[in-house]
Each structure stands twice: as C-alpha cells, then as structure tokens.
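All remarks here apply to the structure that follows.
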Amino acid sequence: MSLTSLGVAITAQASIFRTVGQVTMAPGAAWSVLRAAVDAQRNVGSSVRAVFLVDDFFPLDSIARLLAAGDQDVWVTVSTEREPVTNEIDDLMAQLRIDLASVPCAVVGIGGGITMDTAKAVSNLYGNPGTAASYQGWDLLGAPGVYKIAVPTISGTGAEASRTCVMTNTASGLKLGMNSRFTFFDEVILDSSLTGTVPKDQYFFTGMDTYMHDFESLNGSHRNALSDALSQESLRLVREVFTSGDAKSNANREKLMTASFLGGTAIAGTYVGLVHPVSAGLSVVFGTHHGVGNCIAMRAMQEFYPAEYDEFWGFVDAQGVEVPVLGGMSWDADTLDRLTAATLLHEKPLSNALGPDYRSVLTPTKIADIFKQL
Ligand code: NAD
Ligand code: ZN
C-alpha cells in the first residue's frame with residue numbers, strides 16, 4: 001500500500017502516470033520556440049534571467065546568437081566527457097549562485113541525456129535545499145524546482161520525458177537519479193533537425209537505449225496497459241529506424257526522436273530490467289557511458305532476453321556498428337565486488353526483470369560470469 005499526494009490509498013497494482021507539462025513538435029523551429037518559451041517565463045517570477053546549459057558539441061555563442069538572447073542570461077557549457085556526478089552538480093550550483101544572485105526564471109537543457117539530466121538536477125536543487133546526493137532515490141524531493149525546458153539534440157535516452165535525472169555518487173558507488181514527480185520537464189521542444197550532426201555510432205548507441213527501455217519494460221512483471229502501448233509503439237519505430245538502410249534520414253531521425261519520447265514516458269510508469277543494472281555497474285566501475293554500456297551488456301543477455309539478443313545483434317550487423325569489447329580487464333576480487341554491489345543496488349529494475357528473489361538468480365558468481373562475457 002502507498003499513498004498518493006492526494007491522500008488516496010492505492011493498491012500495489014495501481015500505476016500513476018505523470019508526464020512533461022508541454023511538448024512542442026517543432027521541426028526546424030527549436031530556437032524560435034525556445035526563445036518564446038523562455039521569454040514567457042521572464043514575465044512570471046522575480047527574475048528575468050535564465051540559465052542555459054548546453055552540450056559541449058555546440059558553441060555557446062552560436063546558440064545564443066540563434067536565440068537572439070541578451071546578456072542577462074547565464075550560459076554554461078556542459079562537458080559530456082563523463083556522465084553527471086553528484087558533487088560536480090553541487091559545484092555547478094555553487095557557481096550558479098555566485099553568477100546569479102536570484103533564482104532564475106527558467107533552466108534550459110540543450111543536448112543529450114547528460115545535459116538534460118544536469119538541467120533537471122539544477123532546477124530541482126533551486127527548489128530543494130542540500131546536496132544532489134541527498135535526493136538520489138525515489139520521491140525524496142519535497143518541492144518543485146524552477147521551470148525547466150529541454151531541447152534534445154540526440155535521441156534515445158528518453159531523459160526528455162522521464163521522471164529522473166541520473167547521477168553517479170562516486171563516493172557511494174550509487175548511480176541513481178532524483179526519481180520524483182518534480183523531475184519532469186515543464187516543457188520539451190522536439191526538433192529532429194538538431195540530431196543530423198550526431199556521429200553514426202553514437203546515434204546507434206543512444207538510439208538503442210530506447211530499444212532497451214522498451215523491451216525491458218515489456219518483459220517485466222511491473223506492467224500496465226498504458227506503458228505497454230507506449231513501449232510497443234516506441235519499439236515499432238525503433239525497428240523501422242534500425243532495419244533501414246539510412247537510419248539517419250530525416251524521416252528516421254524524426255521517428256527516433258518520437259520513439260525516445262514514448263519510451264521515456266513508458267518507463268515513467270514502470271521499470272527497466274536487467275540490462276540497465278549491468279550497464280550501471282560498468283558505468284560506476286569503469287566510467288562506461290550509458291548507451292554504449294547497454295550495448296556491451298547485451299553480450300551477456302542471450303539467456304535472459306533471447307529474442308531481443310538476436311534482434312539487437314541483427315541491428316548491429318545491419319548498421320555496421322562496432323560494439324566495443326571490454327578488453328584487458330583484471331577481474332580481481334575488489335573489481336568484482338564493486339561491480340556486484342553497483343548492479344544489485346537496482347532493486348526495482350531487478351525485481352521487475354527477475355522477480356523479488358532476484359538475488360537467488362544473480363549470485364555473486366553469476367554476476368561475475370555476466371561481466372566476464374562482456
Ligand atoms: P550524451 O549526453 O552522453 O552525449 C553523447 C555524445 O553526443 C556527446 O559527445 C555529445 O556531445 C554528443 N552530441 C549530442 N548531441 C549532438 C549533436 N546534435 N550532434 C553531434 N553530437 C552530439 O548522450 P545520451 O546518450 O543522450 O545521454 C546519456 C546520459 O543520459 C547518461 O548520463 C545516462 O545516465 C542518462 N540517461 C538518463 C535517463 C533519464 O531518464 N534521465 C535515461 C537514460 C539515460
Ligand atoms: Zn537507459
């Protein structure tokens with residue numbers, strides 16, 4: 001039993017859906033739509049200044065020019081060298097509080113999952129005191145952050161649609177987001193013309209994240225009809241894209257952006273499965289990025305997801321992509337212990353995939369066997 005915010009008792013079978021506040025489908029028009037969205041917020045709160053967090057692929061000055069933004073705003077380049085780390089989010093907050101005396105009218109994330117998650121975390125911390133790490137978990141935020149807007153520039157994570165912002169706490173080894181109803185973006189602007197410059201391999205690795213979200217939720221025990229319908233449609237689009245001879249055509253980029261949004265919305269009402277905890281282990285211990293980590297994890301998934309294993313390696317062949325092999329690893333006891341701990345922390349996805357007794361399947365020996373296959 002749990003209670004909703006309205007104080008209504010619901011059963012364990014009930015699934016609550018929330019989603020982003022507003023989605024604008026804006027093919028070729030992201031910048032004018034974004035400008036209007038930010039300007040609308042300037043008239044609402046006490047500050048007229050916004051914070052723009054931009055993926056390091058894009059030069060800040062060119063985006064600022066495209067937006068015709070004045071110099072009142074704060075512009076930050078988000079490094080995509082590594083995925084968000086809790087204490088670096090705290091450092092960013094400290095810097096923003098120096099650069100901007102008041103609370104901004106909006107926080108905008110322009111980029112991939114790293115940048116969008118950073119924007120969500122920053123927005124949330126404007127509304128909630130304390131450190132980023134103190135909100136890693138489920139429903140720990142007590143209040144909304146400032147108005148947050150996403151402009152995804154690569155498709156697949158569903159971060160634009162989900163109720164979390166994934167961060168790694170390097171001290172505790174925990175890779176977990178601020179999973180909360182307050183983490184959704186207020187506004188998302190979908191313009192698939194922005195993904196044309198994504199390199200082919202990265203397009204595949206991030207795109208496959210949607211495939212994993214879809215099949216992991218469809219194979220789980222924590223199902224509901226709405227998530228299923230969203231995941232199935234997302235899966236259909238992903239299949240069309242990655243069996244096509246030109247996965248990056250304009251039409252396919254639009255399909256993948258749509259699939260990503262649907263997949264992200266689906267998992268906001270359910271959970272992922274086994275691929276994600278294994279990928280999180282790789283991320284925490286070796287710093288492997290999420291999309292490619294999921295693809296590497298698929299090497300050990302034949303036993304758990306046989307049909308998807310075959311289909312996934314079929315996509316790899318069709319697209320001519322190289323999934324890296326974890327080479328030259330020393331599988332010493334300490335590394336295996338850390339991988340095991342980082343994997344088993346993901347109780348909800350693991351019980352969704354393997355049932356409440358997942359630890360009887362995923363023994364330390366089994367987990368070591370999985371990682372050694374990668
Ligand atoms: P990313 O943010 O890691 O970026 C990948 C690369 O693509 C970077 O080098 C970036 O500069 C580049 N890039 C982005 N847009 C580009 C463009 N238009 N042209 C050229 N290059 C471009 O990519 P990602 O795979 O979207 O995000 C991964 C992150 O998302 C991880 O931190 C992961 O934990 C997180 N994630 C979050 C959720 C969620 O629900 N919040 C879900 C899944 C993953
Ligand atoms: Zn994912």
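The values are calculated or read from the model by the stated rules, or taken from the named source; none is laboratory data. Quick caveat, the model's predicted, so the values are computed rather than measured. Positions of Cβ are backbone-derived with ideal geometry, glycine not excepted, and every protein chain shown enters the neighbour counts.
Residue-by-condition table, conditions (1) in contact with a Cys (Cβ under 7 Å, 6 or more places away or on another chain); (2) under 23 Å from S32 (Cα atoms); (3) at pLDDT below 95:
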| site | (1), (2), (3) |
| --- | --- |
| S102 | no, no, yes |
| V107 | no, yes, no |
| I114 | no, no, no |
| N124 | no, no, no |
| T131 | no, no, no |
| W138 | no, no, yes |
| A143 | no, no, no |
| R163 | no, no, yes |
| T168 | no, no, yes |
Qualifying residues in the stretch 285-332 (those that are within 16 Å of ligand 2 (Cβ to nearest atom) and of a type in the set (S, T, N, Q)) - the one surrounded by the most Cβ atoms within 10 Å (Cβ to Cβ)
N294
Being at pLDDT 95 or above and within 11 Å of ligand 1 (Cβ to nearest atom) is the filter here; which residues of the stretch 273-287 pass it?
H276, S279
Is it the case that the stretch 245-258 has a residue that's closer than 27 Å to V325 by Cβ and within 13 Å of ligand 2 (Cβ to nearest atom)?
no
Pairs, first within 7 Å of S279 (Cβ to Cβ) in the stretch 290-303, second within 14 Å of ligand 1 (Cβ to nearest atom) and among the acidic types (D, E), C-beta under 8 Å, six or more apart:
H290/E83; H290/D209; N294/D209
Test for G156: is it surrounded by 24 or more Cβ atoms within 10 Å (Cβ to Cβ) and not aliphatic (A, V, I, L, M):
yes
If you check every pair at least six apart or on different chains, which have Cβ atoms under 7 Å apart with a residue in the stretch 45-71 that is touching a residue at least 24 places away in the same chain (Cβ under 8 Å) first and a residue that is among the aromatic types (F, W, Y) second?
F52/W75; V54/W75; L66/W31; L67/W31
In the stretch 266-284, which residue that is near ligand 2 (Cβ under 8 Å from one of its atoms) and either outside any helix (DSSP H, G or I) or among the hydroxyl-bearing types (S, T, Y) (or both) is nearest to A159 (Cα to Cα)?
V272
Filtered residues of the stretch 136-153 (kept if surrounded by 18 or more Cβ atoms within 10 Å (Cβ to Cβ), away from ligand 2 (no atom under 16 Å from the Cβ), farther than 10 Å from T86 by Cα and of a type outside the set (A, V, I, L, M, F, W, C)):
P144, G145, Y147, K148, T153
Cross-chain or 6+ apart pairs with Cβ under 6 Å, the stretch 195-213 first and more than 15 Å from V275 (Cβ to Cβ), then within 7 Å of ligand 1 (Cβ to nearest atom):
T195/I154; V198/I154
What number of residues within the stretch 92-130 satisfy the criterion of being among the small types (G, A, S) and more than 23 Å from the chain's Cα centre (by Cα)?
3
Having 2 or more residues that are within 25 Å of the chain's Cα centre (by Cα) is the bar; report the helices (runs of 4 or more DSSP H) wholly within the stretch 292-370 that clear it.
306-319, 333-344, 347-354
Every pair of residues 6+ apart whose Cβ atoms lie under 6 Å, when the first sits in the stretch 21-32 and is farther than 21 Å from R163 by Cβ and without any contact (Cβ under 8 Å) to a residue 24 or more places away in the chain while the second is of a type outside the set (D, E, K, R) and in a strand (DSSP E or B):
none
Check on L141, in a loop (DSSP other than H, G, I, E, B), farther than 27 Å from I63 by Cα and aliphatic (A, V, I, L, M):
yes
